[in-house]
């Protein structure tokens, strides 16, 4: 195997006179009243913490709701296990995640569903292209987080319908015990020794991570952020050579050698499978220098959220220093990494665990470019990879 460096709330009630207490404790001027909690309709329209009555009111309203409905947020994905636990512990709100291993498309479909009272999805995380498409359909609430200006302009919706929260780089993971030499680049993947060995993280017509894998392949073979076609053609070549296998990889399929080479985000390849396999020395990760592709995942609030206060509080929590550092512990790159570095609030130890990059961070494709790429792949993927007789 190559040793390349790329691997690797009580209200205080002061005493008032009995007479005053008989009529109105607040009239004595000594009682500190709690926050005024907005009604549900107001909370559902709130486009900022101020419109929700302030942070204290938002927190209390969310606690009264007591629940948050999420979808497609796997515990092993970008450290959602610790992030959900942190939110529940801090605010005493139960988080329920349906279809945890679902795709971005599954999440959007869940938002579109007309559900019984209390059952509607509150929050989602999807790829940027899917987030922009859903925002264009007015599926999301417009809510401006307190740290809005800390998020780079290209990684947030101008109307605050969605925000990128974290990202990563497409990488090649390899089960060393099954491979004599692990691939470092997309070009390597075309070699005959990898026949029947190369898997993508899912169906790129449904999965943002898989779509990003195709995008990275495009960059390795003459494509650009405006042209993903070479990526589709690359997988057509892989298919013709028998190297590409249309199987979604799992921990089990890696363990048994069915999918020994996996194209996926570096945070998924680096932490989830390595940790689950308990074989750090036998799972190698490389960010291919011929297809360096970075991407972000966006968080958003369902316009018809069952728990509008909890949904807005969740959004604020995700952009707190605490949650952003928890992303780092899952090998994901938090969107607020640079301002946190400047403020001295970044977990530098966890940041040091990130896989090394072949060169400086590239420009991330825009939501429009991702949407265009998604259409191209949707139109051509079947023809490129279906070799059914």
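What follows draws every value from the coordinates through simple rules; no lab data is involved. Here the structure is a predicted model, which means the values were calculated and not measured. With ideal geometry, Cβ positions are generated from the backbone for all residues, glycine too; neighbour counts draw on all protein chains shown.
Once both labels are modelled 7 Å past Cα along the beta-carbon direction, what's the residue 206-residue 82 spacing in nm?
Roughly 3.1 nm, to one decimal.
Please work out the Cα center distance from the range 52-95 to the range 300-359, rounded to the nearest Å.
Cα centroid to Cα centroid, the span is 14 Å.
I need 283, 265 ordered by Cβ neighbour count within 10 Å, fewest first.
Numbers: 283 24, 265 28.
The order, fewest Cβ neighbours first, is 283, 265.
Could you state, as a whole-number percent, how many of the C-alpha pairs of the range 200-271 are farther apart than 17 Å?
44
When the label point is put 7 Å from the Cα of residue 74 along its Cα-to-beta-carbon vector, which residues of the range 329-369 have a backbone N closer than 16 Å?
330-332
Compute the length gained on full extension between residue 341 and residue 237: take 0.36 nm times their separation in residues and subtract their Cα-Cα distance, giving the result in nm to one decimal.
33.2 nm
Report, to two decimal places, the Cα Rg of the range 39-194 normalised by 2.2 N^0.38 Å (N = number of residues).
Ratio of Cα Rg to 2.2 N^0.38 Å: 1.29.
Stretch residue 115-residue 153 to full length: gain in nm at 0.36 nm per residue minus the Cα-Cα span?
10.3 nm
Between residue 98 and residue 256, what is the label-to-label distance in nm when each label sits 7 Å out along the Cα-to-Cβ direction?
Result for the modelled spin labels: 3.1 nm.
At 20 °C and 1.002 mPa s, what whole-number value in µm²/s does Stokes-Einstein give for the translational diffusion of the chain, with Rh from the Kirkwood sum over Cα pairs?
Working: Rh = 22.3 Å.
So the translational diffusion coefficient is about 96 µm²/s.
Express in nm, to one decimal, how much length is gained between residue 227 and residue 181 on full extension, taking 0.36 nm for each residue of separation and deducting their alpha carbon distance.
13.4 nm
Can you give me the Cα centroid spacing of the range 237-273 and the range 166-196 in angstrom?
First find each Cα centre; the distance between them is then 9 Å.
How far apart, in nm, are two points set 7 Å out from the Cα along the Cα-to-Cβ line at residue 191 and at residue 353?
For the pair residue 191/residue 353, the computed spacing is 3.0 nm.
Of 356, 109, how do they rank once you tally other Cβ atoms within 10 Å and put the fewest first? If you can, show how the numbers build up before the last one.
Values: 356 11, 109 15.
Lowest to highest Cβ neighbour count: 356, 109.
Within 10 Å of each residue's Cβ, count the other Cβ atoms and sort 307, 359 from fewest upward.
So the residues, fewest neighbours to most, are 359, 307.
Per 5 Å bin, what is the whole-percent P(r) computed from every C-alpha pair distance within the range 134-268?
It works out to 2, 10, 17, 19, 16, 11, 9, 8, 6, 3, 0, in whole percents.
Calculated from DSSP H runs of 4 or more alone, at -39500 (n - 2.57) each and per residue, what is the 222 nm mean residue ellipticity of the chain, nearest 500?
My calculation for the chain gives -10000 deg cm²/dmol from helical runs alone.
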